[in-house]
Amino acid sequence: MANLNLVQAINLALSQEMERDDRVIILGEDVGANGGVFRVTEGLHARFGGTRVVDTPLCESGIIGTSIGLAMAGLRPVPEIQFEGFLGPAYDQLCSHAARMRTRTRGAFTVPLTVRVPVGGGIHAPELHSDSPEAIYVHQPGLKVVMPSSPYDAKGLLISALRDSDPVVFFEPKRVYRAFREEVPEDEYTIPLGKARVVCEGNDLTIVSWGASVIQCMQAIEKSGKSIELIDLRTLYPMDIDAVEASVSKTARCVVVHEAPLTGGLGAEIAARIMERCFLQLEAPVQRVAGFDTIMPYYKLELDYMPDSARIGQAIQDALAY
Amino acid sequence: MFGSAIGPLIMPITTAFKTEIERISILDEHGNFDESLGKDLIPNADLVRLYEAMSACRFLDEVAFKLQRSGRMGTYPQNMGQEAPSLGAAYVLTKNDWLVTCYRENCGLFWRGVPMESILMHWMGDERGNAIPRELHCTPIAIPIGTQMLHATGLAWASKYRSEPHIACTFFGDGATSEGDFHEACNFAANLEIPVIFFCQNNFWAISVPGKIQCSAPTLAQRGIAYGMPCIQIDGNDIFAVVYAVKKAAAYTRATSKPYFIEAVTYRLADHTTADDARRYRDQAEVDIWKQRDPLIRTRDLMKKRKLWNDSKESDLQERLGKEIAAAVARAEGIAAPDRTDFFNYMYSELPSDLIRQRETMHTHSLGQDPSQLPAGAAMPTATAH
Ligand SMILES: Cc1ncc(C[n+]2csc(CCOP(=O)(O)OP(=O)(O)O)c2C)c(N)n1
Ligand SMILES: [Mg+2]
């Protein structure tokens, strides 16, 4: 057992999987000697060498496109995209090829790659270094999308992603990278993709969230003094809607919290699923707390954009008022 | 078989294409000055102004670094060592020619008239720093690497469409030449005959990734050859070479409406940004060599040789810059905080009603429910505060 932050937990997962399976290779911008701009791949270049930890040309489309080829040839590439804002050039390769290769070839080819992508705001970063585009990739059939909120989960989820036979977009919330440490076992363990975690149990209301917002939710719950159940989805696709249903059937009220913009965000999907499954048990309409439908502001105003415990607290009150 | 009756046929091997890339250096780091190219290139009075502009940019860079380290500014990309390329271009080009930049062109932007506080505000996390007056013909700092060259191509295309004589000059790093957009821009500009100067600042590094990972050819300049552009490589720390190349490129581009490629060989003397630690990936010995090649030092030495400059002028300059830059910092820091609803206000020419609702209720409601749907007595609107 070691007390690790998110960066260290991901690093541990990568190094253990590379040790275990020589098909795993890392590629991306600055992932080598520099250890990645967030130091997530620190030490891996020294340990596994330049053929397994590869600094590539500065080209996101190239990073994902070649990863697809590597994966089709049977390797397990783990490309890193430096910030979520630079997924743009990679979008074509991810969505036009990685996501559909299995289907197009009737399973003859698969693309077992795991794209690691730092995501989200709250760290005073420049423009395009603070966005939350997860819904775009959830909306693309054929991709799996993961976003852990804690070091323990990150290690177990990343190992599952690396062993998965389909493409996974693994979002790492920057705000959590060094926010706290927790016990992370050295021993191998996995957390299945598609399974949510009940962070805390409660009876009055359910909050569903993921990524860095989970921490804001915990603060709001503490301030509310209510008995609130918090579900961290962890995997956004496939989504553990059974866990949401079980909880909301018990509490009859639900608040969904995400940093990404409101419109077309996953809160809408979750609210619709709750309507489909729990309509008769609901005591209040599902509330959403989300980023606004604006461009993520530069950092002077980023905290005004991002859901905080006050806004979440307001939604809790609103849901309980019915 | 067919040739056997008349004996074996030998087709001569001809040369399909052959080229050379010129490399221009006029004022080198040892103080050698090429009179044949450099004689009347920059009048003495202008040389002094150019030196002062480089010094101002350098001064600001050092101040910005300290602001970041003391928590008064976010991540900042220092320009130190790369003052000459954008400055020389801004000096040569007219105010109607576009400067389409990324983040290592502060010196040229200041010469053009962009206020220092605008650049500071950008890196202080304030969009108002991007509100550059249109008449300066500068685009806002481009953050996604390698993307802005396509915009330059479109901007210059518009000039051509309107039969205006204006061209665009777009700047990018060695790393940026690996992005697809770079190649697309070159291809569009060349094939559609659009007057763009592609100006590559080759500083040998893209954060920690060395140039050989971006390009295996001996020069980056020759990337332009693949698109049929004239190409030139210059010493990017030599303000004379920059001015020479941009004059040549601008004349060609304006006359032919075709693009031109300049590779300026330079070096960033600082870390990639304040978030970087270059000691992790590059040798101090390499940095020390490039410190000797500093564009400011050689320009200053030449001015001294020409009796245009002396130590007292230098200390006067530093004193003046100290005051000017302190004032720019005061303006950047002194501006009233942006309104907390500011980020809604420039989303569309007309804000859709739902965005208006989001703006109006952002501090009183949770957003995910129309306030009119709340049961009576619920939701005491409480303004949230940080
Ligand atoms: C599309 C994109 N990918 C990655 C980044 C992160 N990043 C910022 S600067 C940089 C290196 C740029 O190198 P180069 O083009 O040589 O310019 P330099 O910084 O050396 O001036 C990288 C990878 C980015 N801003 N945009
Ligand atoms: Mg560079």
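Figures for the structure shown
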item: Options B:A221, B:A249, B:A245, B:A217: the member that is closer than 30 Å to B:D283 by Cα and crowded, with 21+ Cβ neighbours inside 10 Å; result: B:A221
item: Conditions (1) open to solvent by less than 80 Å² (accessible area, probe 1.4 Å); (2) part of a helix (DSSP H, G or I); number of the one not met by B:W309; result: (2)
item: Condition met for B:G129 (within 14 Å of another protein chain (Cβ to nearest Cβ), away from ligand 1 (no atom under 16 Å from the Cβ), in contact (Cβ under 8 Å) with a residue 12 or more places away in the chain and at positive phi); result: no
item: All positions within the range A:75-105 that are within 14 Å of chain B (Cβ to nearest Cβ) and either modelled with pLDDT under 95 or open to solvent by 60 Å² or more (accessible area, probe 1.4 Å) (or both); result: A:Y91, A:D92
item: Filter result (open to solvent by 20 Å² or more (accessible area, probe 1.4 Å), at the interface with chain B (Cβ under 7 Å from one of its Cβ atoms) and within 19 Å of the chain's Cα centre (by Cα)) within the range A:264-307; result: A:R288
item: Test: B:W309 is more than 30 Å from B:L155 (Cβ to Cβ), in contact with a Phe, Trp or Tyr (Cβ under 8 Å, 6 or more places away or on another chain), more than 16 Å from ligand 1 (Cβ to nearest atom) and not basic (K, R); result: yes
item: Check on B:E193, within 15 Å of ligand 1 (Cβ to nearest atom) and modelled with pLDDT of 95 or more; result: no
item: Every residue from the range B:262-285 that is away from chain A (no Cβ under 14 Å) and either away from ligand 2 (no atom under 12 Å from the Cβ) or at pLDDT below 95 (or both); result: B:I262, B:L269, B:A270, B:Q284, B:A285
item: Matching strands (runs of 3 or more DSSP E) fully within the range A:118-235 where at least 2 residues are open to solvent by 10 Å² or more (accessible area, probe 1.4 Å); result: A:182-184, A:197-200
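The values are calculated or read from the model by the stated rules, or taken from the named source; none is laboratory data. Predicted, not measured: the structure shown is a model, and the values here were computed from it. Positions of Cβ are generated from backbone atoms using ideal geometry, with glycine treated the same way; all protein chains shown enter the neighbour counts. In case anyone asks, the SASA skips ligands and DNA or RNA and just uses the protein heavy atoms, side chains included. Shrake-Rupley method; radii C 1.70, N 1.55, O 1.52, S 1.80 Å.
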